[in-house]
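Shown next, in structure tokens, is the structure this report addresses.
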Amino acid sequence: MLVPQSLPAVLRTGAPPSAQVARLGGETMGTSWSVVMTLSPGSVLADVEAALTAMLDRLVAQMSHWRPDSHLTRFNRAPAESWHDLPPDFQVVTQAALRVAAESDGAFDPSLGALVNLWGFGPSGPRAAPPPQAAVEALLAQAGWRRLMLEGARLKQPGGLHLDYSGIAKGHAVDCLSRLLTTLGIRDHLAEIGGELRGAGVKPDGAPWWVGLDSGAGSTETVVALHGLSIATSGSERGFVHDGRAYGHTLDPRTGAPLENNVASVTVLHPECLLADAYATALMVMGADRGLAFAADHGLAALFVLRDGQGLAERLSPACQAMLD
Ligand code: ADP
Ligand code: MG
């Protein structure tokens, strides 16, 4: 059982009996979103739903690289040396992406959009076999987070650089769901997009929002209390198999090709889902040895699931281990 150390010893006794548990959900960012919440007296579910969906639509309009008209797609198509004023969320995500890129020495790289597309994981559609090496090298030359220049809210397009925030934007959107619910007076909630979660407050019975971690490694299921805490996992099954080799949708920014390490998935617990999401992708790219050392150095709570011969093995970072009862 993983328990955040910030969990108060005496939990609130719970919402009054009149409190109503409500659920909302839908589709966004190519996946599903959902929230479970204790509705405060006076809040109207339809109004909450309208506010949440408008917010999600706004984020998609800014940062989807699947939308031809999004702010991000326009940036990707813009001429070399042009400067772009970013709306606030785009700026926040860009700052976080560049921070994790720098800390991880480029393991997380938000500038791989053209390569993600080339490998068939983007809007131009799937492919059945790897692309020619020359095409990979050509696009790799135009990628690289170090080519980006952010000055306040202004971002410079260095020329031919394609942002892809798929490894971080869902996490930010989960933070936004949670913050908006809090603003609407709904302090007790669990927000989720495509398996990335953030929990705040407690359930109506006073218990925390327990979430199961299904690592597939076979051991008894680990559960974590999401009390002011987020969780994100990198390493979904998306990808293709060619000549007996699996090509996943997370790329090694050094080669421009899908990862070749033995990491099946990485789960990160962090107060901010934005960072949990980006670090999970970064650790996945770093692999077990470098990733576990990085998690230890940065005090990150991370759970690695490694392919080990026929089976799967779990490795926990010290901060994650410290949450164990
Ligand atoms: P998932 O949870 O679905 O496994 P991630 O959060 O790990 O997803 O993000 C994977 C997506 O991020 C890819 O589909 C791709 O669009 C993009 N991406 C691929 N490689 C990297 C990388 N090294 N750094 C940042 N983003 C990446
Ligand atoms: Mg991620």
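The values are calculated or read from the model by the stated rules, or taken from the named source; none is laboratory data. No experiment lies behind these values; they were computed from the predicted model shown. Note that we place each Cβ from the backbone using ideal geometry, even for glycine, and neighbour counts take in every protein chain shown.
The rows are residues; the columns are (1) within 16 Å of ligand 2 (Cβ to nearest atom); (2) at pLDDT 95 or above; (3) surrounded by 15 or more Cβ atoms within 10 Å (Cβ to Cβ).
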residue	(1), (2), (3)
Ala232	yes, yes, yes
Arg238	yes, no, no
Asp252	yes, yes, yes
Val268	yes, yes, yes
Ala282	yes, yes, yes
Asp289	no, yes, no
Asp325	no, no, no
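The C-beta contact set for region 92-113 (first residue within 13 Å of Ala276 (Cα to Cα), second residue aromatic (Phe, Trp, Tyr), distance under 7 angstrom, 6+ apart or interchain) comprises Val93/Tyr165; Ala97/Tyr165; Val100/Phe108; Val100/Tyr279. Confirm whether Arg307 is surrounded by fewer than 17 Cβ atoms within 10 Å (Cβ to Cβ), of a type outside the set (Phe, Trp, Tyr) and near ligand 1 (Cβ under 10 Å from one of its atoms). For Arg307, the condition - surrounded by fewer than 17 Cβ atoms within 10 Å (Cβ to Cβ), of a type outside the set (Phe, Trp, Tyr) and near ligand 1 (Cβ under 10 Å from one of its atoms) - is not met.
Look at (1) within 14 Å of ligand 1 (Cβ to nearest atom); (2) in a helix (DSSP H, G or I); (3) out of contact with any strand residue (DSSP E or B) (no Cβ under 6 Å at 6 or more places or on another chain) and you find that Ala173 fails only one, number (3). Number of residues in region 240-250 that are buried (at least 18 other Cβ atoms within 10 Å of the Cβ) and assigned to a loop (DSSP other than H, G, I, E, B) equals 2. Scan region 36-70 for residues that are assigned to a helix (DSSP H, G or I) and surrounded by 19 or more Cβ atoms within 10 Å (Cβ to Cβ) and the total you get is 6. Gly159 falls short on exactly one of the conditions (1) outside any loop (DSSP other than H, G, I, E, B); (2) away from ligand 2 (no atom under 16 Å from the Cβ); (3) farther than 26 Å from Tyr247 by Cβ; (4) not β-branched (Val, Ile, Thr), and that condition is (1). Residues considered: Arg198, Arg179. Of these, the only one that is basic (Lys, Arg) and in contact with a Ser or Thr (Cβ under 6 Å, 6 or more places away or on another chain) is Arg198.
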